[in-house]
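Here the structure comes first, spelled out in structure tokens, and everything after it is commentary.
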Amino acid sequence: MKRLLFTLILCLCACYTYSQYLPEFHYTPTTPTQPTKRSSHSMPESYSNPLLQNQIPLPEFNYNRIETILEDDWYEADVTYSNSNTGTKSKYTLVIRVFDDRVVEINFGNGSVHAGQNNNGYTYSGGDLTFYQNKQGKIIGADTTVRVYRNGRYEYYYVEL
């Protein structure tokens, strides 16, 4: 009985010590810069991130809430661009603008796509961020997909913070 109690206390101490060193979710607003191309290969069948499968999504919340999770500002993010016509996919580090926990603009350095009215004839949809937390309740990441329809084809932007 003493061994079992000692082992249980030892395990609890180890778990507590490990949880103290987990990284916290911090993003520093930034200003738009030129994109950095990472890679190019064929488009996947689905946009699933295997690293996020073990993370716990935040519970659904009321959209009439007063506070947002991220401050409305510009943030650096990994953006995976997929073209439905050519089947290509490229990953970039770009600057995005967040407003009310939604990606409302993706800046490429020499142009951008954004929500709202535009003179380029495209339709921008999506962008609502999904936040992820660890078992201690700390936010550790966020992602979303933005879909742009122009010239009879779809472009997808998978954004990871």
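The table that follows gives values for the structure above.
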| item | result |
| --- | --- |
| Residue list for the range 101-111, filter: touching a residue at least 12 places away in the same chain (Cβ under 8 Å) and surrounded by 14 or more Cβ atoms within 10 Å (Cβ to Cβ) | 101, 102, 103, 104, 106, 107, 108 |
| Unique residue being of a type in the set (S, T, N, Q), modelled with pLDDT under 60 and assigned to a loop (DSSP other than H, G, I, E, B) when the list is 62, 85 | 62 |
| Within the range 147-161, considering residues that are of a type in the set (A, V, I, L, M, F, W, C) and assigned to a strand (DSSP E or B), the one modelled with the highest pLDDT | 159 |
| When residues of the range 115-146 are limited to those that are loosely packed, with under 15 Cβ neighbours inside 10 Å and in a strand (DSSP E or B), the one farthest from the chain's Cα centre (by Cα) | 123 |
| Filter result (out of contact with any Leu (no Cβ under 7 Å at 6 or more places or on another chain), of a type in the set (S, T, N, Q) and in a strand (DSSP E or B)) within the range 88-114 | 88, 90, 93, 112 |
| Unmet requirement for residue 85, which otherwise passes all of (1) closer than 15 Å to residue 158 by Cβ; (2) surrounded by fewer than 13 Cβ atoms within 10 Å (Cβ to Cβ) | (1) |
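The values are calculated or read from the model by the stated rules, or taken from the named source; none is laboratory data. It should be emphasised that the depicted structure is a prediction, and the values quoted were computed from it without experimental measurement. Virtual Cβ from ideal backbone geometry, glycine too; neighbours counted across all protein chains shown.
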